[in-house]
Amino acid sequence: MTSFEELKKQILAAEKEASSPQNCYQNTARLIVNIERQAYYGDESENKRLSRIREVFSNEIKKKSTNEA
Amino acid sequence: MKLRKIELKNFRQFYGEQSLTFSTDKNKNITLIHAENGTGKTAFLNAILWCFYEVTTQNFKDPTSMLNKVAKSEDSSSSYGVKIEFEDDNGRIFLAQRAVSGTNKSFKIFELEDHLYTEIDNPNSFINSVIPKDMSKYFFFQGEGIGKISGAKGDSIVRKAIREILGFTIAEKALQDVRSIRKAYQTSMSNADTSGKVSDLQKRISQIEDKIFASKDTIKECEQTISFYEEKILDIDQKLKSCDSAVIKQVHALRLDKEQQLQREKQLQKQAKEEKSTLISDFATTVFGLRLSQTALDFIDESEYKGTIPAPYNEQLVNDILKEAICICGAEIRPGSEAFSKINEMLKQASDPMLESRIRKARSQLTSIQQNAAKSKKMFLANIQSLALCDENIVRLAKELEELSIQIQGSEKLDDIKSLELERARAHNNLRQEEQTLGRAKANLERDEKDLPSLKNEISRLDSFSSEMLKFRELATYAEKVEEVIEQTLSNAEKDVELRIIEKVNKYLKLFVRQDYKAKLNPTTFDIRLVDNNDVVVAESDGQSLLLSLTFISSLIELSRERKKASGQILTPGAIAPFVVDAPFGDLDNKYKGHVASAIPDSVEQVVFLLSSSHWEGKVEENIRSKIGREYNMVLEEPSVADIKEADQIVIQGNIFDTVRYGQTIERTVIEEVGDYVS
């Protein structure tokens, strides 16, 4: 039978997995939303926002190509 | 977050420096500030909002004139500002300060550790990570302007509040940006296409996508409008049902019954039309092929009769006989003999197994067409009759309904009934139009969503992609996937939260409301209404509306607290924040006031009540006295003399406190401590 400690570890691991990005698209969405947050709450220029988002896409594609290679 | 201390300098009514320390005790978590009308409750609340976010509430007059009048008259370039000391959920202490001196503005946040102040980079991002600006108005709450959350004007308040507390604002902006960037990649891909094939296809794809978005927006708007009119009609029906005239009640009841019958007939008509489509797709070939199948069967039968189809003998049998050189009777058949050549001749007319099989299948299918034709004829006739009956009933019921409506409208002595009737007719008319628009939008959406994948497949099948085009295609595809993730997150979150919010609201209502009412949320319009135990919408009193609004706000705060640990990070995580509320109790009677006042400190970690005497005397004080950690009184100091005016005072725990002092040097509001019950 699974011990209490083991069960606790499994639940914590499941929670961590559930709260972490499940795939590259979710991760990218998270990065983009953070950029939006910085722009919306005033610490980042609105104009730079779009170019930063494009940069995220370019970097993710490069990363993907490197991994595939 | 917990507020620890606030300092106001020359901010609106607060001349000079005024400060106040909040109660951070777990049990005595209320800071109570007594403030009569005009002394500065709203200014105090706005000091917090302005300090953190440089925003103010809607009812805050002259938001550009923050500098105290007296300070301004002394020196027009006097500085003003607000400092707030607070702790985060981990107990770290920070100081936020916003100040204006002449034309210079500054906003800074420092962390206080071991008596040292360290400035935080990006103070705006920091404060928004503690309590996001778009959620702040629910925590720093202007109670006086709370208004109704139910009914026509309320539904957008509820929808907006839920979306803000979930952090939709940022995610939706991200979605818009990702969408526009994806389109830009697609345009770049088209521009890099020298053959023109991709750009043509891409243009068509973009047009269809735009149409899809437009259709979805139209559908959403129509659904909301339809729900609105349906609710309106329900309201009017309720009023007619409970009107004073017995005749009108009777006619209206009959009308409702006829309307239900009409709905049923329309449903049956719809089903019959769908059945017709199914019958056509299943049996149309049968019907059209009936005569041809009969002709073909006749041909097969005739040829069989004549012995030509199938042939009287089997090719395989003849070949076997020739090969074995032995007849079926056992006689020897030598090659070259007369018997051999005669048998060989038979091969010309022998039937091969494949041909036999084809003929068998053909006969079977033709027979099946014959049988199905008979069956389908019965079904088609029944369907035609059904449709005719529905059409007849619909016409009859529509006429009867019109007559009943005319009867009600003709009630000359009852102007209110007449106007209700006209309103009802208008609402029905608008509803019909919206339903037609909805139908068209849905049909367009269905068609466009069907066409889109095939166009996208066409592009992927093309092999004339340059490396430049491939690059942009990859970027566009990736962006599309990210768009789907954000859309899905938003859709799932909205569905989930409706249930949770209404559960919470009902949890509070069960404690507070006298009658056996509960709250119901319309998922299309986000309208929250009180219903009785027969699910009938209740005509809410002003007090009940306010109660509903307050329980809704408490539920939002609770939801936000629960979402604090949510870390999908596409939606903004929730916040644990103090509830600072200015004059919340308005139209509530004493008992409701007491209930709500007592429930609020139990559902949030820290509460700041800004109350005038009419709000807190009686049941409110009774219910919250034991939970007050610190108590203050705002006193208006006036240069004018009291003359014949009565003394403005309140009684707190048997002691008399001024709320206005006349004959003072300057006009200002001062904050005076009444009691510290935790230190």
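The values are calculated or read from the model by the stated rules, or taken from the named source; none is laboratory data. Since the model is a prediction, treat every value here as computed from it, not as a measurement. No Cβ is skipped: glycine too gets one built from the backbone with ideal geometry, and neighbour counts run over all protein chains shown. Each accessible area value is taken on the protein alone, full model and side chains, heavy atoms only, with ligands, DNA and RNA left out. Shrake-Rupley method; radii C 1.70, N 1.55, O 1.52, S 1.80 Å.
Each row is one residue, and each column tells you yes or no for (1) in contact with a Cys (Cβ under 6 Å, 6 or more places away or on another chain); (2) under 23 Å from B:Lys241 (Cβ atoms); (3) of a type outside the set (Asp, Glu); (4) at pLDDT 80 or above.
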site: B:Gln515; (1), (2), (3), (4): no, yes, yes, no
site: B:Lys520; (1), (2), (3), (4): no, yes, yes, yes
site: B:Pro523; (1), (2), (3), (4): no, no, yes, no
site: B:Phe526; (1), (2), (3), (4): no, no, yes, no
site: B:Val531; (1), (2), (3), (4): no, yes, yes, yes
All but one of (1) at pLDDT below 80; (2) within 16 Å of B:Ser560 (Cα to Cα); (3) surrounded by fewer than 17 Cβ atoms within 10 Å (Cβ to Cβ) hold for B:Val158; which doesn't?
(3)
Go through (1) open to solvent by less than 50 Å² (accessible area, probe 1.4 Å); (2) at pLDDT below 90 and name the single condition B:Thr21 misses.
(2)
Exception for B:Ile671 within (1) surrounded by fewer than 21 Cβ atoms within 10 Å (Cβ to Cβ); (2) within 14 Å of chain A (Cβ to nearest Cβ); (3) β-branched (Val, Ile, Thr) falls at (2)
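Checking the condition at pLDDT below 90, facing another protein chain (nearest Cβ under 7 Å) and surrounded by 15 or more Cβ atoms within 10 Å (Cβ to Cβ), which residue from A:Arg37, A:Arg54 passes?
Values: A:Arg54 fails: at pLDDT below 90.
Within the list A:Arg37, A:Arg54, the selection yields A:Arg37.
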Does the stretch B:273-288 contain any residue that is out of contact with any helix residue (DSSP H, G or I) (no Cβ under 8 Å at 6 or more places or on another chain), open to solvent by 80 Å² or more (accessible area, probe 1.4 Å) and small (Gly, Ala, Ser)?
yes
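For every residue, the table says whether it meets (1) open to solvent by 10 Å² or more (accessible area, probe 1.4 Å); (2) under 30 Å from B:Ile219 (Cα atoms).
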site: B:Asn492; (1), (2): yes, yes
site: B:Leu499; (1), (2): yes, yes
site: B:Arg514; (1), (2): yes, no
site: B:Tyr517; (1), (2): yes, no
site: B:Pro523; (1), (2): yes, yes
site: B:Phe526; (1), (2): no, yes
site: B:Leu530; (1), (2): no, yes
site: B:Asn533; (1), (2): yes, no
Checking the condition closer than 30 Å to B:Gln569 by Cβ and within 25 Å of the chain's Cα centre (by Cα), which residue from B:Leu499, B:Leu548 passes?
B:Leu499
Quick one: which helices (runs of 4 or more DSSP H) lie wholly within the stretch B:313-423 and hold at least 2 residues that are closer than 30 Å to B:Ala284 by Cβ?
B:353-409
Among the candidates B:Asp237, B:Asp244, B:Asp210, residue that is loosely packed, with under 14 Cβ neighbours inside 10 Å, within 30 Å of B:Ile406 (Cβ to Cβ) and of a type in the set (D, E, K, R):
B:Asp244
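Quick grid of which residues meet (1) open to solvent by less than 60 Å² (accessible area, probe 1.4 Å); (2) without any contact (Cβ under 8 Å) to a residue 40 or more places away in the chain; (3) under 30 Å from B:Leu240 (Cα atoms):
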| residue | (1), (2), (3) |
| --- | --- |
| B:Arg424 | yes, no, yes |
| B:Leu431 | yes, no, yes |
| B:Leu438 | yes, no, yes |
| B:Arg447 | no, yes, no |
| B:Asp451 | no, no, no |
| B:Asn457 | no, yes, no |
| B:Met469 | yes, no, no |
| B:Glu474 | no, yes, no |
For residues in the stretch B:111-144 being more than 26 Å from B:Ala161 (Cβ to Cβ) and open to solvent by less than 40 Å² (accessible area, probe 1.4 Å), which is farthest from the other protein chains (Cβ to nearest Cβ)?
B:Glu111
Flagged pairs (Cβ under 7 angstrom, 6 or more apart or on separate chains; first in the stretch A:21-33, within 17 Å of B:Pro573 (Cβ to Cβ) and charged (D, E, K, R); second part of a loop (DSSP other than H, G, I, E, B) and at pLDDT below 90) are A:Arg30/A:Pro21; A:Arg30/B:Gln569; A:Arg30/B:Ile570
Here are the criteria: (1) surrounded by 24 or more Cβ atoms within 10 Å (Cβ to Cβ); (2) away from chain A (no Cβ under 14 Å); (3) under 30 Å from A:Leu31 (Cβ atoms). Tell me which single one B:Arg561 does not satisfy.
(1)
Being away from every other protein chain (no Cβ under 14 Å), of a type in the set (Phe, Trp, Tyr) and under 30 Å from B:Ala47 (Cα atoms) is true for just one of B:Tyr517, B:Tyr592. Which residue is that?
B:Tyr592
Please determine whether any residue of the stretch B:606-618 is on the phi < 0 side of the Ramachandran plot, in contact with a Ser or Thr (Cβ under 6 Å, 6 or more places away or on another chain) and within 14 Å of chain A (Cβ to nearest Cβ).
no
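One line per residue, one yes/no per condition, for (1) buried (at least 17 other Cβ atoms within 10 Å of the Cβ); (2) within 18 Å of B:Phe465 (Cα to Cα):
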{"residue": "B:Ser190", "(1), (2)": "yes, yes"}
{"residue": "B:Thr194", "(1), (2)": "no, yes"}
{"residue": "B:Ile205", "(1), (2)": "yes, yes"}
{"residue": "B:Ala214", "(1), (2)": "no, no"}
{"residue": "B:Phe228", "(1), (2)": "yes, no"}
Checked the stretch B:469-496 for anything under 20 Å from B:Leu166 (Cα atoms) and either in contact with a Lys or Arg (Cβ under 6 Å, 6 or more places away or on another chain) or more than 8 Å from chain A (Cβ to nearest Cβ) (or both); matches are B:Glu483, B:Glu487, B:Gln488, B:Leu490, B:Ser491, B:Asn492, B:Ala493, B:Glu494, B:Lys495, B:Asp496
